[in-house]
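Just so it is clear, none of the values below were taken in a lab; they were calculated from the coordinates. Here the structure is a predicted model, which is why all the values come from computation and not from measurement. Backbone-built Cβ (ideal geometry, glycine too); neighbour counts: all protein chains shown.
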Amino acid sequence: MTDAPREDRRQQPKPPKEQLLSPATAAKKLGIFLPATPEEFQATPISRTALQAMLDAPPEWLVTLRREGPHPRSEVSRRLGVSNSALARGGVSDKMTTAEIRALLDEMPEWLVDEREKHAPGTGRPPGSAIGERPATAASAADNDFLNEDLDER
C-alpha cells in the first residue's frame, strides 16, 4: 500500500436540467382554458421558471383571459360554487365566459340552487324545501339530538 492519495473515480454531479411542462399542464396550473391561449403558448413546452415568471408578472393576454374567459370547467365550477359533476348534471358546457357565468348566477336555475346546497350547505335553498324532501321541523331536530346523546353514552 502506498501513502499517495487515490484518484477519485466517482461520477461527478451533473448540473440540474430545467424541468419543462407541457402546455396543457401549464394551462391547468395557471387556471386557464388551453385552446384560448396564444399559439406560441400552445406549441412549446414551458419551463418551471417561465411559469413562475408568468404567475409573478402575468402578460396582458393572461390577465385578459383570466378576467373575461373562456374559463375551464374547474374554474366555472369554482365560480358557481358547485362541483364539476354538478356542471355535467346541469348540462353546462366545458367552457364559459365570465359574462355567461354572471348570467347563470343572475338567473339562478333550479339545478344550480340544488347543486350549491349539496356542495356547500346553506348557500342554496333552505332545508326541507326540495321536492320529495321531508320538511325540516324543530321536532325532528330534537329527535336527532336525542339519538346523538344516546350514541354518546355507549
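Our estimate of slack between residue 118 and residue 74, defined as 0.36 nm per intervening residue step minus the Cα-Cα distance, is 14.1 nm.
Give, in nm to one decimal, the length gained when the segment between residue 22 and residue 50 is fully stretched (0.36 nm per residue of separation minus the Cα-Cα distance). So the extension gain works out to 8.9 nm. Across the stretch 25-36, rounded Karplus estimates of 3J(HN,Hα) from the backbone phi angles (6.51 cos²θ - 1.76 cosθ + 1.60, θ = phi - 60°) give 5, 5, 5, 5, 5, 7, x, 10, 8, 4, x, 8 Hz, Gly and Pro being marked x. Look at 82, 113, 63 and count the other Cβ atoms within 10 Å of each Cβ; fewest to most, that gives 63, 113, 82. Checking every one of the trypsin sites (Lys or Arg not before Pro) in the stretch 1-98 against DSSP loop status and a limit of 13 other Cβ atoms within 10 Å picks out 6, 9, 10, 17. A Förster distance of 22 Å, applied to the separation of the beta-carbon atoms of residue 95 and residue 40, puts the FRET efficiency at 0.60.
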